[in-house]
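J.: Here's a structure for you.
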Amino acid sequence: MKGCIRQIEHLNPSGASEQDILTRAKMLFAQDPKYTKGFKFDHVWNILKDIEKFGTDTMNTASMKSRQQNANADNGGSSIKRPPGVKKAKMKKKNDEQIAKVININAQLVEAMNASTAAITKMADTMLYKEETKILFKDLNSISNPMMREYIRN
């Protein structure tokens with residue numbers, strides 16, 4: 001739309017108001033095969049036309065060349081700009097890898113804890129078995145205390 005307005009303004013219509021220029025620009029815009037339905041954003045154009053992105057886009061060739069050189073320097077000599085979101089995609093991949101590592105480490109820790117718990121339980125059972133065996137095979141005649149002898153017999 002801004003390009004159409006610029007074309008109409010370059011025709012220098014004498015005495016044309018801003019509304020006349022806008023109307024002619026809309027007619028020119030509708031002639032484009034891609035936009036046969038016309039300009040649909042009249043309700044926001046008055047707000048957007050003053051924003052830098054939609055403002056005048058006439059540049060001298062020196063500024064265009066310097067921008068192109070900066071783009072080439074930023075992209076390692078290629079004139080193709082990197083698509084937005086590459087850094088975010090790399091960061092997401094890195095985060096996903098770190099999360100996977102943490103999950104793997106947690107799984108290993110849980111496995112180690114389960115193994116140590118099983119070993120401790122087995123050791124406790126063995127110690128209990130030894131104590132019970134010691135009591136069961138105790139010679140009751142060797143116990144001098146009568147209360148202790150009765151307790152072990154029970």
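Values in this text are rule-based calculations from the coordinates and carry no lab data. Keep in mind that what you see is a predicted model, and the values were worked out from it rather than measured. Counting neighbours? That spans all protein chains shown, and the Cβs are built from the backbone with ideal geometry, glycine included.
Residue-wise test of (1) exposed (fewer than 10 other Cβ atoms within 10 Å of the Cβ); (2) not hydrophobic (A, V, I, L, M, F, W, C).
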{"position": "Met91", "(1), (2)": "no, no"}
{"position": "Gln98", "(1), (2)": "no, yes"}
{"position": "Ala112", "(1), (2)": "no, no"}
{"position": "Tyr129", "(1), (2)": "no, yes"}
{"position": "Thr133", "(1), (2)": "no, yes"}
{"position": "Asn141", "(1), (2)": "yes, yes"}
{"position": "Ser144", "(1), (2)": "yes, yes"}
{"position": "Ile152", "(1), (2)": "no, no"}
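J.: Out of the stretch 14-38, which residues are part of a helix (DSSP H, G or I) and among the hydroxyl-bearing types (Ser, Thr, Tyr)?
T.: Pass one, the stretch 14-38, residues part of a helix (DSSP H, G or I): 18-30, 33-35.
Of everything in the stretch 14-38, those that are part of a helix (DSSP H, G or I) and among the hydroxyl-bearing types (Ser, Thr, Tyr) turn out to be Thr23, Tyr35.
J.: Provide a single number: the residues in the stretch 83-133 that are over 15 Å from the mean Cα position of the chain (by Cα) and in a loop (DSSP other than H, G, I, E, B).
T.: Residues in the stretch 83-133 being over 15 Å from the mean Cα position of the chain (by Cα) and in a loop (DSSP other than H, G, I, E, B): 1 in total.
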